[in-house]
Amino acid sequence: MKQITFFRMLTLFGYFGLLVLIFSWHLFIQPLPPEFISFTLLIQLGPLMFPLRGLLHGKPYTHAWASYLALFYFVMGVWYAANNASLLLGIFMCVFSLSFFIGAVFYARFAARAAAPTQH
């Protein structure tokens, strides 16, 4: 049971870390030109809205497919890290997306196993 709680918290840490990082980076830390802000935030934060309800309710199936979404943000983090101007964004994005991915995969595994009826 402690494993399930740990991986759920790891998933939520990575997920909300990505949300806050992307939002704050593009609006406050390194602001975009006004004409690009809404489009960039829609493209980068939009996909993160799909698993929100299932992640908050602890649904193993949502965690399972959201792990694939985390890989997209890892690739995006590597892409940002390749540029010196956004190196810090890329590193943090990689860290948050990896914690999101690892937490989601293992939560889905352990929660589904705990929910399965035991056979004798």
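Computed from the coordinates by the stated procedures, all read-outs in this text should not be read as laboratory data. All values reported here derive from a predicted model rather than from experimental measurement. Here the Cβ is made from the backbone with ideal geometry for all residues, glycine too, and neighbour counts use every protein chain on show.
By the combined test of axial Cα extent (at least 27 Å) and Kyte-Doolittle hydropathy (mean at least 1.6), the qualifying DSSP H helices of the chain come to 87-115. Each of I37, I43 was scored by other Cβ atoms within 10 Å of its Cβ. Arranged with the fewest first, they read I43, I37. Modelled spin-label separation between A112 and L45, with each label point placed 7 Å from Cα along the Cα-to-Cβ direction: 3.2 nm.
When Rg/Rh (Cα atoms, Kirkwood Rh) is calculated for this entry, the matching label among [x] 1.25; [y] 1.06; [z] 0.98 is [y]. As a proxy for reagent exposure, ranking M1, M9, M76 by other Cβ atoms within 10 Å from fewest up yields M1, M9, M76. Pairs of alpha carbons in the stretch 3-65 separated by more than 15 Å make up 56% of all such pairs.
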